[in-house]
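Undergrad: Handing you a structure now.
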Amino acid sequence: MNVLYIVIGLLLGTGLGIVIGRYLLRKLFTSQEAAAQTKVKKILKDAENNAEILKKNKLLEAKEKFLQLKAEHEQEVNTKNNTINQRENSLKQKEQSLNQKMENASRRDQEVENTRKNLEKQTEAAIKKQEEAAKKQEEVEQLKLQHVQQLEAIAGLSAEEAKNQLVDNLREEARTKAMSQIKDIVDEAKLTASKEAKKIVIQTIQRTATESAIENTVSIFNIENDEIKGRIIGREGRNIRALEAATGIEIIVDDTPEAIILSGFDPVRREIARLAMHRLVTDGRIHPARIEEVVAKTRKQIEEEIVEIGERTVIDLGINGLHPELIRMVGRMRYRSSYGQNLLQHSREVANFCATMAAELGLNVKMAKRAGLLHDIGKVPDDNPELPHAILGMQLAEKYKENPEVCNAIGAHHDEIEMTSMISPIIQACDAISGARPGARREVVESYIKRLKDLEQLAMSYPGVEKTFAIQAGRELRVVVESEKITDAQSEVLAADISNRIQTEMTYPGQIKVTVIRETRSVAFAK
């Protein structure tokens, strides 16, 4: 019975709880819905407020834009109005100017008309005077004719015969006097020209003082002690062989204290060898790879110095507009010689001689100096050995657009071509003056150097030959060949061919040793 009551109580409690829960839940939903509606209203109100503010801002921006466009339009209108006003003023001024010109033209037309009338009157008066003068001239001619007829009757000769006889007598007398005066003038001119020529040559030589120095074929490289000689020679002579192969200069290491002799006919090679040895000795690292590197850098440095020497020379002489390639050739003259005389010094000397002579004779000084500097430019290139240096120099000058008078002076200074300008004989004379001074030249050295050059050129004429070096005063010829084109067997044949050709084509004392060098190098870099 108690259990039943308990069950009933629980059911009643459960039902009451459900009713109360549903009521509370409905009340919670109601309150949340009211809060949501309130929030929605607030959001809508805020959106309306924001829209109103945005609308006002847009209206303000539109008004500002309108005002700005209006101001720009007004400014543009004002600018156009000002332009129109300026044009109107300009048109008014032009109109006034045209009116003034029309008035002036009318005034001038009137003046021209008045002048024309005056000229017509003067012309009529002049015609009348001419007619009167013609009548008087006719009367004079008649009187003259009567007078001539009377003279002809008295002399027994006609007027034409008398005139011809007088002209013949005067012509013969004038010819005799002219021949006598011409002879006197020619004799005086010869005497004066001889004196003036001697005077100009003496003044030219006296005003240009230069040193006389003979080029040698050896250079002395001084060292601090004889221990360096062993390092230069290297193990089994590999260092000295590498130096000779890279420079083409014979390096003589003998008992001479603190000195090494560099022997070779080419001054450029000797200078490269001297500077390279100086760098190697200073640096202390002497081995074949380092030697090749230093020789390559030194050769590049010498090329830069050659250009600098050429530029300094043309600046010193005041020569402008010379082609860069000609400037480089002028620099290479420093390392060339003409019969033992330094070629650059000789060319500068000839340029100064030519300038002095041209000034004395009233010719173009700058052109004469330019031709004097370039007259031996054909001795610089090593190619075209079959052409005379004067013709080769003329071709180079023509190639680089030099003046035709300069080109003719270069080509004619040894009578290779005909002289066509006044500068050409001056160049020839100055070249002779510079070379004929006592001690200026030495024939033996020039012939010796020419023999060595011909020896190298003979070997270079064979295909596959890369370099040739005449060393030991021409007693040995070293030929470096390209290993890709020449085999070992072909190297032996090449050496025999060159030696046979030397025997056939050249004249030389003693014997010449021909050494053909062929080597293969494999180079790789570790990175």
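Undergrad: Report yes if residue 329 is crowded, with 19+ Cβ neighbours inside 10 Å, in a helix (DSSP H, G or I) and touching a strand residue (DSSP E or B) at 6+ places or on another chain (Cβ under 9 Å), otherwise no.
TA: It is false that residue 329 is crowded, with 19+ Cβ neighbours inside 10 Å, in a helix (DSSP H, G or I) and touching a strand residue (DSSP E or B) at 6+ places or on another chain (Cβ under 9 Å).
Undergrad: Which members of region 110-125 meet the condition of being at pLDDT below 80 and either hydroxyl-bearing (Ser, Thr, Tyr) or not in a helix (DSSP H, G or I) (or both)?
TA: Result: 123, single match.
Undergrad: When region 273-306 is examined, which residues are found to be within 27 Å of the chain's Cα centre (by Cα), closer than 28 Å to residue 475 by Cα and among the β-branched types (Val, Ile, Thr)?
TA: Within region 273-306, 298, 302 qualify.
Undergrad: When the residues of region 445-486 are narrowed to those that are part of a loop (DSSP other than H, G, I, E, B), touching a strand residue (DSSP E or B) at 6+ places or on another chain (Cβ under 7 Å) and open to solvent by 50 Å² or more (accessible area, probe 1.4 Å), which ends up modelled with the lowest pLDDT?
TA: 475
Undergrad: Restricted to region 421-444, and to residues that are at pLDDT 80 or above, part of a helix (DSSP H, G or I) and not hydrophobic (A, V, I, L, M, F, W, C), which residue is surrounded by the fewest Cβ atoms within 10 Å (Cβ to Cβ)?
TA: Looking at the filtered set, the residue picked out is 425.
Undergrad: Among the residues of region 316-324, are any open to solvent by 10 Å² or more (accessible area, probe 1.4 Å), of a type in the set (Val, Ile, Thr) and touching a helix residue (DSSP H, G or I) at 6+ places or on another chain (Cβ under 6 Å)?
TA: yes
Undergrad: Taking region 280-295 only, how many residues are loosely packed, with under 15 Cβ neighbours inside 10 Å and either among the basic types (Lys, Arg) or touching a Pro at 6+ places or on another chain (Cβ under 8 Å) (or both)?
TA: 1
Undergrad: Would you be able to say whether some residue in region 496-503 is outside any helix (DSSP H, G or I), surrounded by 13 or more Cβ atoms within 10 Å (Cβ to Cβ) and touching a helix residue (DSSP H, G or I) at 6+ places or on another chain (Cβ under 8 Å)?
TA: Looking through region 496-503, none of the residues is outside any helix (DSSP H, G or I), surrounded by 13 or more Cβ atoms within 10 Å (Cβ to Cβ) and touching a helix residue (DSSP H, G or I) at 6+ places or on another chain (Cβ under 8 Å).
Undergrad: Sort through 361, 396, 373, 392 and tell me the only one that's within 17 Å of residue 320 (Cα to Cα) and in contact (Cβ under 8 Å) with a residue 12 or more places away in the chain.
TA: Being within 17 Å of residue 320 (Cα to Cα) and in contact (Cβ under 8 Å) with a residue 12 or more places away in the chain holds for just one of 361, 396, 373, 392, which is 373.
Undergrad: Still on this structure, I have one more. From the list 313, 298, which residue is more than 18 Å from residue 376 (Cβ to Cβ), modelled with pLDDT of 85 or more and open to solvent by less than 20 Å² (accessible area, probe 1.4 Å)?
TA: Answer to the check: 298.
Undergrad: For the condition assigned to a helix (DSSP H, G or I), of a type in the set (A, V, I, L, M, F, W, C) and either more than 19 Å from residue 335 (Cβ to Cβ) or out of contact with any Ser or Thr (no Cβ under 9 Å at 6 or more places or on another chain) (or both), what is the one hit in 315, 319, 272?
TA: The conditions single out 315.
Undergrad: Something else about it: What are the pairs with Cβ atoms under 9 angstrom where one residue, in region 467-491, is at positive phi and the other, located anywhere, is of a type outside the set (Lys, Arg) and part of a helix (DSSP H, G or I)? Sequence gap at least six, or different chains.
TA: Here the result reads 473/448; 473/452; 474/448; 474/452; 474/455, each pair linking region 467-491 to a residue that is of a type outside the set (Lys, Arg) and part of a helix (DSSP H, G or I).
The values are calculated or read from the model by the stated rules, or taken from the named source; none is laboratory data. Everything quoted here is computed from the prediction, not taken from an experiment. Using ideal geometry, Cβ is built from the backbone for each residue, glycine included, and neighbour counts are taken over all protein chains shown. Keep in mind that these areas ignore ligands, DNA and RNA; they rest on the heavy atoms of the full protein, side chains included. Shrake-Rupley method; radii C 1.70, N 1.55, O 1.52, S 1.80 Å.
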